[in-house]
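The values are calculated or read from the model by the stated rules, or taken from the named source; none is laboratory data. None of the values given here were measured: they were computed from a predicted structure. Don't worry about glycine lacking a Cβ; one is built from the backbone with ideal geometry, like all the others, and counts go over all protein chains shown.
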């Protein structure tokens, strides 16, 4: 059953990535869509895991579906490397460096932001903090 959860999430994440890539596209050859997707995915994954591990217990299969499946297929390291390769091949070295810097710095900042939001979500104050020894 966990495989099915990951597969369903992966299907939805891949479709979401495709739709956003088609909608946003590039800006003068700069892979804006992939940058947005990877930063948003970093923020969402950090928020989701912080929330579901610390405050809002969910079934492990749902965590696999959303975290490993959806976000894993939505974000993409392979597309990042191809984008950097293409920028470098086009001799757009500044764009390639900027893209790498923005992706990694943006991803780290987004993950920190996701953690911060989940840690302080006022709307879920009624949800008791999960004891450390509780297993799902």
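A few comments on the model shown:
- Long-range neighbours under 8 Å by Cβ, at least six apart or interchain, first residue surrounded by fewer than 13 Cβ atoms within 10 Å (Cβ to Cβ) within region 1-30, second modelled with pLDDT of 90 or more and not in a helix (DSSP H, G or I): 29/90; 29/92
- For beta carbons closer than 7 Å, sequence separation of 6+ or different chains, a first residue in region 86-103 that is assigned to a loop (DSSP other than H, G, I, E, B) and a second that is exposed (fewer than 14 other Cβ atoms within 10 Å of the Cβ), the qualifying pairs are 90/29; 92/29.
- Per this entry, residue 35 is not counted among residues that are in contact with a helix residue (DSSP H, G or I) (Cβ under 7 Å, 6 or more places away or on another chain) and at pLDDT 95 or above.
- Qualifying residue in region 24-34 (condition: within 16 Å of the chain's Cα centre (by Cα) and under 22 Å from residue 8 (Cα atoms)): yes
- The numbered conditions (1) surrounded by 18 or more Cβ atoms within 10 Å (Cβ to Cβ); (2) assigned to a loop (DSSP other than H, G, I, E, B) are all true for residue 71 except (2).
- Verdict on residue 47 being in a helix (DSSP H, G or I) and more than 15 Å from the chain's Cα centre (by Cα): no
- Answer residue from region 74-106, given it is crowded, with 17+ Cβ neighbours inside 10 Å and under 16 Å from the mean Cα position of the chain (by Cα) and is farthest from residue 121 (Cα to Cα) among those: 80
- Hey, residue 58 part of a loop (DSSP other than H, G, I, E, B) and either surrounded by 13 or more Cβ atoms within 10 Å (Cβ to Cβ) or touching a residue at least 12 places away in the same chain (Cβ under 8 Å) (or both) or not: yes
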